[in-house]
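Let me begin by presenting the structure, written as structure tokens, before commenting on it.
Computed from the coordinates by the stated procedures, all read-outs in this text should not be read as laboratory data. Because the structure is a prediction, the values reported are computed rather than measured. Note that each Cβ is placed from the backbone with ideal geometry, even for glycine, and that neighbours are counted across all protein chains shown.
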There are 2 protein chains.
Amino acid sequence: MEKKRFTLPIEAGCENIVNDIIKKWGADAVRNSDGTEMDSFFENLGLKIYATYFPTRNDQEWAKNNRNELQQIYLLSDRFTAKSETLEIDIMQSYFSEQFEIHDEDSPHKYWQVIDRTTGEEVSTSFWNYDSNTKKVIIKETKLWHVYTVGFLAKQIWDVTQMYNHLTNDWGDKHHEMPYDPAFPKTRAHILEDLESWLVNHPNVNVVRFTSFFYHFTVVYNQHKQQKFGDWFGYSASISVPAIENFKKEFGYDLKSEDIIDQGYYGTAYRVPSPAFKDYMEYQQKFVSDFAKECVDLVHKYKKEAIMFIGDNWIGTEPFGEHFSNIGLDAVVGSTSDGLGIRMISDISDVKYREVRFLPYFFPDLFNDDNDPSIEASEIWIKSRRALMINLLDRMGYGGYLSLAMKYPKFVDTVTLITDQFNDIHNKTENTKVSFLPIKVGILNAWGKIKAWQCNRTGHVSGRKESRPYTGILEALSGMPFDVNFINFEDIKNGVLKDYNVIINMGSRDTAWTGGEYWKDAEVVSKIREWVFNGGAFIGAGAPTACQHNGAFFQLSDILGVDKETENTINFSKRDKLSEKKHFITKHLNIKSIETGFGERGVYATSEQTEILGYDSIEGIQLATHTFGKGRSVYMSGMPYSEINNSIVFRSILWASCNENNTDAVFSDNLFVEGYLYKNKNLIAVLNNSFDTQKAILKLQGKEYKVELSAMKLHWINL
Amino acid sequence: MEKKRFTLPIEAGCENIVNDIIKKWGADAVRNSDGTEMDSFFENLGLKIYATYFPTRNDQEWAKNNRNELQQIYLLSDRFTAKSETLEIDIMQSYFSEQFEIHDEDSPHKYWQVIDRTTGEEVSTSFWNYDSNTKKVIIKETKLWHVYTVGFLAKQIWDVTQMYNHLTNDWGDKHHEMPYDPAFPKTRAHILEDLESWLVNHPNVNVVRFTSFFYHFTVVYNQHKQQKFGDWFGYSASISVPAIENFKKEFGYDLKSEDIIDQGYYGTAYRVPSPAFKDYMEYQQKFVSDFAKECVDLVHKYKKEAIMFIGDNWIGTEPFGEHFSNIGLDAVVGSTSDGLGIRMISDISDVKYREVRFLPYFFPDLFNDDNDPSIEASEIWIKSRRALMINLLDRMGYGGYLSLAMKYPKFVDTVTLITDQFNDIHNKTENTKVSFLPIKVGILNAWGKIKAWQCNRTGHVSGRKESRPYTGILEALSGMPFDVNFINFEDIKNGVLKDYNVIINMGSRDTAWTGGEYWKDAEVVSKIREWVFNGGAFIGAGAPTACQHNGAFFQLSDILGVDKETENTINFSKRDKLSEKKHFITKHLNIKSIETGFGERGVYATSEQTEILGYDSIEGIQLATHTFGKGRSVYMSGMPYSEINNSIVFRSILWASCNENNTDAVFSDNLFVEGYLYKNKNLIAVLNNSFDTQKAILKLQGKEYKVELSAMKLHWINL
């Protein structure tokens, strides 16, 4: 079997071992580790050569000599309570002075805002001033006992990624790299010059790995040098005075600090975006893609490929946004630890190839004598492999110090197995897609396509207790043969429902994921009701359609057959209990209560037709079904990923879309074993998603297939 | 020791045993059981005689002959989704046809409302009609896929209490008693006539026990003869066309069905009351108290006493309302099972005496060979006794079938012990109050005084999982030597804070108990901030001051030092962990996690000064303290009643009000033992709140007292 499709991180000192590992892992490309240069030994192995380039911090001399063109950020001061008529606010009180410097060269009265958070009113500039000596904002004639904040501009005087590495590895007085901003025309021109000179000086590099383009996702440290706020999707560190001025020219209105700061919530992905925030995202995507295209064109001019790392300075690139294709990238590479992350990379269109850099990094935190890094690598592979069966990536790789990984032979063997299976999938399927069931699934939230596979999470590897009940559903879906898409409420209004079989709305109340006030929109609820009534499937998880309004909390409780007890209906009797009938969704399981994680509590049946499939006396309803006309609905209070919940999600979608009897669906009697049908190849791929030997009987197309699979096995059945 | 103060329920057939039990329990009064008449044997025992009278159902001939003057109710139909242009709504679909009959004699177009619940708009009467043949409302030209409801008037054709007994005891074709309404002048006159004739015919009765006056709390059954909705505080079953018309004369505006129906939530105590709902309560209290006064005056004319049962038809009497004293009652009697219930009776003013009818009833559900009813009686006594130490009731009693209770000698002995202790407290304290600590506590919610000791509950004995985290705090307080009052947001604005040392705000978000939108009121938050800053104590439990507004969820998070993660701040790092320092509130306990019941989840520290005393990795912060100027605050995520939580509440109030070192506070080293100081009597009462022998050391006034108490013991120490 020919093995290839692997990008190997290399470093000086690995010359002796590298040939062996190239063979074992099937490497056909090498890349330098972060911060190291490639030497000629590696350049002459006959492999493709990737090299990392940082457009906005590659030239630190430029940063030092043009401090007025450093990147900026909008920050909100702490909340201060007015205890006397004059209130002094130390705006940097809870920020890290080595990361930020107050930006007061451009009029604070023009670009900053003081807000009375008790009333929500902006304080007129005639009542406040910034004192550049004390670095405080002084508010006069306050309303006593009201809470005030100052939204202000700061300069970013330390690049986030370098700061993290610097502090973590205790780099002492090593120079703090500072990011400069292409929103300034002079810097923009310089970046192109610097890139061209870099291209000229790196003739042997085949692939320029942009890490990434211009604006880093938001990471803010506090006065104790600890992370205070981190938003992998955040736009607040992409703002600047020139961006504000250019925005005004394009959109015709002033962007205010509050439009970005958003009461201190910084417009995270969990927030239903305001019109101004969406305009700003649009502005920044256009700006970023236009200038990134210039960079990529330059790369192409030197006959090299351009690949973008999804992460770090990726803000504004939005791989699922409308401007992404304009950049003209050859490829993307992203880091992941699960199937959901795989799909976020593999579902990107308009590039020639897609690559994953699997976790874990070859770093000492996991590669040490107290830990077996092969376990994490295996777990990640098992989750990722499911998603690769659905939408295969072109290449894979790892990151970190190769010399460190080499010290762990079990890890080396595990990656050998992983690369074997990765190549096996490629070779067996030969770019033929798995056979999809005729079920088009739409994940409905306030964002839609632009946050495809990024829902209900705070970052690309986040696993917060609040997220897991919903990312578990996405994780399950990432490895299922359904056409999964991401839609928003405008799409609903524009008639998209006719193209879908299943709509899923999931998350907590008053978040972008469920949609909040959008559920007050009569057009939205009417269109969904009509569609479900005529046969659509509606799946809700957590607080779907939640918005306290006119006597209901779940606005589509008529469809769902459940609502949440917000204590408005506490006086109504509830007699919820598990349905005594077997139901398609759970009949294969022998459980009454379901693992719901930090899912919604207090959900109860609003209809006598509601069938309760999971119930807990404290939590309330965990899983229930209901019908509405020809349509079906499933409610789940939370579904953190597990083998059991994976099967519940699969069967819920089949049941809700009336596909219980679809003969192309692959049913396994063992929760750890899943099968994938490739009709055009007459193949079934069978996965053992566990570390133990598993026996299973697979049923599909009216036939049964008995299998016995060793740990992690990928097995092929010829039909 | 002289024993008295006990009202004995008697029945024919108990003549042989009654003298023995009178002696054992110290009975000085007898009353008939519900539905039984007293015979002359009991009338001649030389005891005071109570007899039950039902003003609005005593004369069922009147009810039959005046069906048009039966009591009415506002009901909301189910929510119907418009699937075609014409929508027919079977308004009685989910109601019990033996309980209610549609009231259509008075114009449905005038008194009913059809509402589009998708938009919240009322549907013009030109688009709907009621068809009295089909008993349906037909809506024309609907907005497709919108949800519609009909709010309509029904007649109450079965008295709730009799219905319950009838159905529970399977009384077959026994006449269904129907309640008539004194809002009709003819019926009002008849009630007085009937009462007078009853008084004339019952010359031996000393005390007329009104059970109660006119309007029953709301209990609504569904089509399956099961309870659908029950609100012990509910006003929806007191409405009628004459009430609506009289209301208009007094208040100058039309009361609409929606004002009572409240989107289907029926203005329960959990709802922040609307201005119209409050006006209606005021109207009904005035009406009820005026007419009740006429009834009581008649009782007095016949030289009898009038006592009111707090429950059943008590709506509009509001013992803590402004019109109650106008009734001129001699006494009140209420049913209870805990200390909180005791205080709801014992804190009533403007009557000569107050009586408790303890649970359990002598009914076969608990008095059977599979159950030991003495256990429930003991548990109720242990909880109630704490509250009686603080505000003693004048009398006690039980209800039900005496003959049944007699069959359980252990129960008889238990009540003997209880009555011994009840009399002992009276005799030892001789109406001297326990010595209060100088701490005035205000429970702040949207209702204030009118719902004193009725907060965070759905009825007088409710123990729902949603309530317990907060009623546990009230239960703890009911037996503590603090001056506890109940205040609302108007009181705050009117300057009441100066009289208080501690304010408590507790419950779930968007309920009357925490206050919802009231927390957007700048005057409210400013006044509380100023008061705390100058030394006030603010205790919050659950979602105190919760209202998503201007960047905070807990509006007084600056005081509390905590807020709840509503996923707006999910991207902010949290490093909450238990404080390593010992704190006054918990230093006596050896626990890290606290039993919080169904309390609030996801609360985190917003200040570095917040001290976390209880933490759970899933729930979040359970108990925390913070300071604000000279003031102190305590946050509790939930405090269901237990010995541990009782001690946490006690010490929290002492700490928050800076009374840790108050030498009159009684500290016990055993959580099951509490002491009560009577300075004027030089006594300490010591309670063993358990069924085991307990040893304890009590500390107060700089001294220590060692005690050893048998199970349930009430012990007195002479200082």
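Points worth noting:
- Just one of the listed residues (A:Glu105, A:Glu141) is more than 34 Å from the chain's Cα centre (by Cα) and more than 26 Å from A:Phe184 (Cβ to Cβ), and it is A:Glu141.
- Residue within the stretch B:631-647 that is touching a helix residue (DSSP H, G or I) at 6+ places or on another chain (Cβ under 7 Å), over 20 Å from B:Leu388 (Cβ atoms) and among the hydroxyl-bearing types (Ser, Thr, Tyr) present: yes
- Residue selection: B:Glu105 fails the criterion of being touching a helix residue (DSSP H, G or I) at 6+ places or on another chain (Cβ under 9 Å) and within 24 Å of A:Ser607 (Cβ to Cβ).
- For the stretch A:499-545, the candidate set comprises residues that are within 21 Å of the chain's Cα centre (by Cα) and at the interface with chain B (Cβ under 9 Å from one of its Cβ atoms); within that set, the residue that is surrounded by the most Cβ atoms within 10 Å (Cβ to Cβ) is A:Trp513.
- Index of the failed condition, A:Asp290 passing every other in (1) touching a His at 6+ places or on another chain (Cβ under 9 Å); (2) within 30 Å of A:Ala51 (Cβ to Cβ); (3) buried (at least 16 other Cβ atoms within 10 Å of the Cβ); (4) charged (D, E, K, R): (3)
- Number of residues in the stretch B:374-415 that are under 16 Å from B:Val332 (Cβ atoms) and touching a residue at least 60 places away in the same chain (Cβ under 8 Å): the value is 6.
- Qualifying residue in the stretch B:71-78 (condition: farther than 21 Å from B:Val219 by Cβ and of a type in the set (A, V, I, L, M, F, W, C)): no
- Residues in the stretch A:560-610 that are away from chain B (no Cβ under 14 Å), without any contact (Cβ under 8 Å) to a residue 24 or more places away in the chain and not acidic (Asp, Glu): A:Lys582, A:Lys587, A:Asn590, A:Lys592.
- If you go through the stretch A:211-234 and keep only what is away from chain B (no Cβ under 12 Å), surrounded by 23 or more Cβ atoms within 10 Å (Cβ to Cβ) and not small (Gly, Ala, Ser), you end up with A:Phe213, A:Phe214, A:Tyr215, A:His216.
- Subset of the stretch B:154-186 [more than 17 Å from B:Ile315 (Cβ to Cβ) and among the β-branched types (Val, Ile, Thr)]: B:Ile157, B:Thr168
- In the stretch A:90-117, the residues that are more than 11 Å from A:Ser257 (Cα to Cα) and touching a residue at least 24 places away in the same chain (Cβ under 8 Å) reach residues that are of a type in the set (S, T, N, Q) and crowded, with 20+ Cβ neighbours inside 10 Å with C-beta atoms within less than 6 angstrom, at least six apart or across chains, in these pairs: A:Ile91/A:Ser77; A:His103/A:Gln72; A:Arg117/A:Thr149.
- Only strands (runs of 3 or more DSSP E) whose full extent lies in the stretch B:320-411 are considered here, and the ones with at least 2 residues that are among the hydrophobic types (A, V, I, L, M, F, W, C) are B:331-336, B:353-358.
- Scan of the stretch B:622-665 for residues that are of a type in the set (A, V, I, L, M) and either within 14 Å of another protein chain (Cβ to nearest Cβ) or closer than 30 Å to B:Asn682 by Cα (or both), ordered by number: B:Ile644, B:Ile648, B:Val649, B:Ile653, B:Leu654, B:Ala656, B:Ala665
- From the list A:Glu704, A:Glu708, the lone residue that is part of a strand (DSSP E or B), farther than 28 Å from A:Thr414 by Cβ and acidic (Asp, Glu) is A:Glu704.
- Between A:Ser557, A:Ser467, A:Ser478, the distinction of being surrounded by 23 or more Cβ atoms within 10 Å (Cβ to Cβ), polar (S, T, N, Q) and more than 13 Å from chain B (Cβ to nearest Cβ) belongs to A:Ser478 only.
- Across the stretch A:161-174, the qualifying residues are those that are away from chain B (no Cβ under 14 Å) and in a helix (DSSP H, G or I), and the one among them that is surrounded by the fewest Cβ atoms within 10 Å (Cβ to Cβ) is A:Thr168.
- Taking the stretch A:25-84 and the strands (runs of 3 or more DSSP E) fully enclosed by it, the elements with 2 or more residues that are within 14 Å of chain B (Cβ to nearest Cβ) are at A:72-76.
- Restricting attention to the stretch B:269-297, the residues being more than 14 Å from chain A (Cβ to nearest Cβ) and among the small types (Gly, Ala, Ser) number 3.
- Reported count of residues in the stretch A:113-152, each being assigned to a loop (DSSP other than H, G, I, E, B), away from chain B (no Cβ under 14 Å) and either at positive phi or in contact with a helix residue (DSSP H, G or I) (Cβ under 6 Å, 6 or more places away or on another chain) (or both), is 3.
- Hits in the stretch A:5-24 - residues which are in a loop (DSSP other than H, G, I, E, B) and exposed (fewer than 15 other Cβ atoms within 10 Å of the Cβ): A:Ala12, A:Gly13
- Test for B:Lys498: is it in a helix (DSSP H, G or I) and not β-branched (Val, Ile, Thr): yes
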